[in-house]
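Structure record follows, encoded as structure tokens.
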Amino acid sequence: MALATLAVLSAASAQAQAMPTGMHMIEGNTNTVITLTAKAGHISTADGNSVYFWGLTDGGGLPQYPAPTIIVPQGALMQITLQNQLSMPVSLVFPGQTGVTATGGAQGAITREAAAGGSVTYSFTASQPGTYTYHSGTRPDLQVEMGIVGGLIVRPVVGGEVKPMQAYAHPDTAFDQEFLFLLTEMDYKLHVLMEQGRVSEVDTTKRWPVYWFMNGRTGPDTMIEPDVPWLPSQPYDCMPMFHPGERVLMRVIGGGRDIHPLHHHGNNSTIIARNGRVLASVPAGGPDLG
């Protein structure tokens, strides 16, 4: 799972910590105690298709693709309970997080799993700011493809104060607008087999994606507003809009197996972090290696 945080610099701008009018902040769950339920559902693609998937919901109702984005401050003690309404065991892993413990469920190949109808609770301290993913740790070749993958954003805390307008503690990572790009893909035929219960016929080594997603939508549905009622399982949009002179933070997560190249249509960009860590030549230094 490739992770990166990028800042697109269209021009120099003032670095204020207050959120100006029209400020775009990434939508997500800001709780530190969260219950996620694994369910099956359907998502829409822009060509009019309906694709069976597995997703997570952080409340009642339909599962979500991608899984809910979790946004917490540095130092937050996280408690995430996974409830499983699917027919096979499911688990979660949190790359980039240390000291993760799990209670309940049964030990799987990587971490503790929630059996069908069961649950497991994961705990950890979000000690380092940055952009991360979380995803299934049970047959990730299949379950990430099916949709159990989401984003985790940890905001920096400096002197006891949360810095919502900075990617990291260093002031050189300040921004005016931020956008999430969680990039995934799907092999439609594999999803048809899973919907029909033909699990034994699924061979992920022969996976052939035909759909590519930004924040759970295919283009041009990425440009539709968030939380529209006709895309109930795909609440997130991916339509960056900003003004000349603003500094824009792109939080980019590779949530699948394909390489998803991006370019910025004439805007100059600098990579300030990779795999959740600042590209700094000295500890606690600003990003100077991008």
With all protein chains modelled, accessible area of Thr98 [1.4 Å, Å²]: 90
When the chain is fully extended, how far beyond the present Cα-Cα distance does Ala46 get from Arg198, taking 0.36 nm per residue of separation? 52.1 nm
Could you check how much of the accessible area of segment 188-290 is carbon and sulfur, as a whole percent, using a 1.4 Å probe? 58
Of Arg217, Arg112, ordered by accessible area with the largest first and a 1.4 Å probe, the sequence is Arg112, Arg217
By accessible area (1.4 Å), largest first, Ile224, Ile110 order as Ile110, Ile224
Let me cross-check Trp212: its accessible surface, 1.4 Å probe, with only protein heavy atoms counted, in Å² to the nearest 10? 130
Looking only at Gly160, Gly41, Gly96, which one moves most when the chain is put into a Gaussian network model with springs between Cα atoms under 10 Å? Gly160
In Å², and per residue, what accessible area does the chain have when probed at 1.4 Å with the other protein chains present? 44
A correct Karplus calculation of ³J(HN,Hα) over segment 99-113, with 6.51 cos²θ - 1.76 cosθ + 1.60, θ = phi - 60°, whole Hz and x for Gly and Pro, returns x, 6, 10, 9, 10, x, x, 9, 5, x, 5, 10, 8, 6, 10
Direction-averaged shadow area of the convex hull around the Cα atoms of the chain, nm²? 15.4
Label Ala116 and Val157 with points 7 Å out from Cα along Cα→Cβ: what is the distance between them in nm? 4.2
Distant-in-sequence amide H partners of Ile70 (H built 1.01 Å from N, under 5 Å): Asn29, Gly151, Leu152, Ile153
Say we join alpha carbon atoms closer than 10 Å with springs in a Gaussian network model of the chain; which of Asn31, Asn49, Asn275 then has the biggest fluctuation? Asn49
Considering the chain as a Gaussian network with a 10 Å cut-off on Cα pairs, which listed residue, Pro220, Pro129, Pro95, attains the greatest mean-square fluctuation? Pro220
Computed accessible area, Ser44, all protein chains, 1.4 angstrom probe, square angstrom: 40
Considering the dipole of segment 234-290 built from charges on the beta carbon (Lys and Arg +1, Asp and Glu -1) around the Cα centre, which of His265, Val278, His243 is farthest to its positive end? Val278
Between Asp258 and Val100, the FRET efficiency computed from the C-beta separation at R0 = 30 Å comes out, to the nearest 0.05, as 0.65
Karplus-derived 3J(HN,Hα), 6.51/-1.76/1.60, for each residue of segment 200-211, Hz, glycine and proline x: 5, 8, 7, 10, 6, 6, 10, 4, 9, x, 10, 10
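The values are calculated or read from the model by the stated rules, or taken from the named source; none is laboratory data. This one's a predicted model, so the numbers in the text were calculated from it and none came from an experiment. All Cβ positions, even for glycine, are placed from backbone atoms using ideal geometry, and neighbour counts span all protein chains on display. These accessible areas exclude ligands, DNA and RNA; they are computed on the full protein's heavy atoms, side chains included. Shrake-Rupley method; radii C 1.70, N 1.55, O 1.52, S 1.80 Å.
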